[in-house]
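Here's the structure, in structure tokens; my notes come after.
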Amino acid sequence: MPVEMRKGLSAMQTRGRPPKNTGAPRYANRLRELRHRLGLSQQEVAQQASISAAYYGALERGDKRINADTAQRLHRPLRCAVSDLLSGTRGVSVPLRFAIAAAECPARPDRFELPEPHEMLHPGRVGEPQDCLAAEIFDDSADLDFARGAVIFLRPLALLREPWRAGARVVARFFLETARDDAERPTHEILYGLLDQNILGDLVLLTRTRNRLIPRHVLVQAAATTRSGFSEGAAPIPRRDGVIEYRQNADDPAEILGLVVYAMGPA
């Protein structure tokens, strides 16, 4: 092949899309991780942040640095704190999603599920904080352990690597009525307490409060029964090692939102 043709071919091969960079990015960040967690495309994030898809792609690849203005644009569509985007690959924030309060609490928000955009909080030295969520205590329903205003960080049931045990500190959401036709059941209250299982096999929450208006034992899940009303075999009997076998059912009066892994604020 003539030299001139080889030079022309070489020049043509360098045009178009730039070659893929397989080395370490110049500016490491968590954009891809945060985007994938929400199931968003690069185009969707860029559109919500009012930046071009090409610019966002360069940011995610680490070709360009995330400055303060860009972080302000990106933190809402990615549901994270601005500081998460400015700290490279270090640090992660957790959404404040729930209000812990008894049903009669006059100080709680209108909804137990806090509205978006959620406040983002840093959980300190918690392993894998990206899997956690947070809840704030709005009343005295946990005053034996936490004061009003404390924030509790939770790891959801599906992400736990170890089984539940009696005495585990958990937060549970209680419903107003049983499930009907897959309709979303309204929340009655959200309470903190200790997980336990009585001799009948019922799973209960032992509340941690001095408030006598709040029950000391709240049913989370009733033991399985046969049509005759008797408990089925030996399954309901609590295990000696304290392990509690729990799987949420659609008609349970409550659901466990997560295991307490960290807390901050008034004790």
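The values are calculated or read from the model by the stated rules, or taken from the named source; none is laboratory data. On a predicted model such as this, the values are computed, not experimentally measured, just so you know. Using ideal geometry, Cβ is built from the backbone for each residue, glycine included, and neighbour counts are taken over all protein chains shown. We work out accessible area using only protein heavy atoms, side chains counted, and drop any ligands, DNA or RNA first. Shrake-Rupley method; radii C 1.70, N 1.55, O 1.52, S 1.80 Å.
Here residue 112 does not qualify as open to solvent by 20 Å² or more (accessible area, probe 1.4 Å), at pLDDT 85 or above and closer than 23 Å to residue 188 by Cβ. Which residues, counting only those in region 23-57, are touching an Asp or Glu at 6+ places or on another chain (Cβ under 6 Å) and in contact (Cβ under 8 Å) with a residue 40 or more places away in the chain? Within region 23-57, just 31 meets the criteria.
The residues of region 64-83 that are surrounded by fewer than 14 Cβ atoms within 10 Å (Cβ to Cβ) and either assigned to a loop (DSSP other than H, G, I, E, B) or at pLDDT 85 or above (or both), listed by number, are 65, 67, 69, 72, 76.
Take the residues of region 92-108 that are out of contact with any Asp or Glu (no Cβ under 7 Å at 6 or more places or on another chain) and assigned to a strand (DSSP E or B): which is most open to solvent (accessible area, probe 1.4 Å)?
95
Listed conditions (1) open to solvent by less than 40 Å² (accessible area, probe 1.4 Å); (2) part of a loop (DSSP other than H, G, I, E, B); (3) under 21 Å from residue 205 (Cβ atoms) are all met by residue 153, apart from (2). Among the residues of this structure, residue 200 does not count as one that is touching a Ser or Thr at 6+ places or on another chain (Cβ under 9 Å), assigned to a strand (DSSP E or B) and open to solvent by 20 Å² or more (accessible area, probe 1.4 Å). With respect to the conditions (1) open to solvent by 80 Å² or more (accessible area, probe 1.4 Å); (2) modelled with pLDDT under 85, residue 43 falls short on a single one, namely (2).
Take the conditions touching a Lys or Arg at 6+ places or on another chain (Cβ under 9 Å), buried (at least 16 other Cβ atoms within 10 Å of the Cβ) and either part of a loop (DSSP other than H, G, I, E, B) or at pLDDT below 95 (or both) and apply them to residue 178. Does it pass?
So residue 178 fails the test.
For residue 185, are the conditions met, namely being part of a loop (DSSP other than H, G, I, E, B) and open to solvent by 50 Å² or more (accessible area, probe 1.4 Å)? The answer is no for residue 185.
(1) part of a loop (DSSP other than H, G, I, E, B); (2) open to solvent by 20 Å² or more (accessible area, probe 1.4 Å); (3) under 29 Å from residue 34 (Cβ atoms): which one isn't true of residue 143, the others all being true? Of (1) part of a loop (DSSP other than H, G, I, E, B); (2) open to solvent by 20 Å² or more (accessible area, probe 1.4 Å); (3) under 29 Å from residue 34 (Cβ atoms), only one is false for residue 143: (3).
Scanning region 70-127 for residues that are β-branched (Val, Ile, Thr) and in contact (Cβ under 8 Å) with a residue 24 or more places away in the chain gives 89, 92, 94, 100, 126.
Return the residue satisfying two criteria in turn: it lies in region 109-138 and is of a type in the set (D, E, K, R) and assigned to a strand (DSSP E or B), and of such residues it is farthest from residue 32 (Cα to Cα). Only one residue tops the list, namely 136. If you filter region 22-32 down to residues that are open to solvent by 80 Å² or more (accessible area, probe 1.4 Å) and among the charged types (D, E, K, R), you find that the one that is nearest to residue 129 (Cα to Cα) is 32. Checking the structure you have, find out if any residue of region 122-129 is more than 11 Å from residue 257 (Cα to Cα), buried (at least 16 other Cβ atoms within 10 Å of the Cβ) and at pLDDT 90 or above. Within region 122-129, none of the residues are more than 11 Å from residue 257 (Cα to Cα), buried (at least 16 other Cβ atoms within 10 Å of the Cβ) and at pLDDT 90 or above. Would it be correct to say that residue 54 is open to solvent by 30 Å² or more (accessible area, probe 1.4 Å), of a type in the set (A, V, I, L, M) and either part of a helix (DSSP H, G or I) or within 30 Å of residue 148 (Cα to Cα) (or both)? Taking the combined requirement at face value, the residue satisfies it. Of the residues in region 85-94, not one is among the basic types (Lys, Arg) and modelled with pLDDT of 85 or more.
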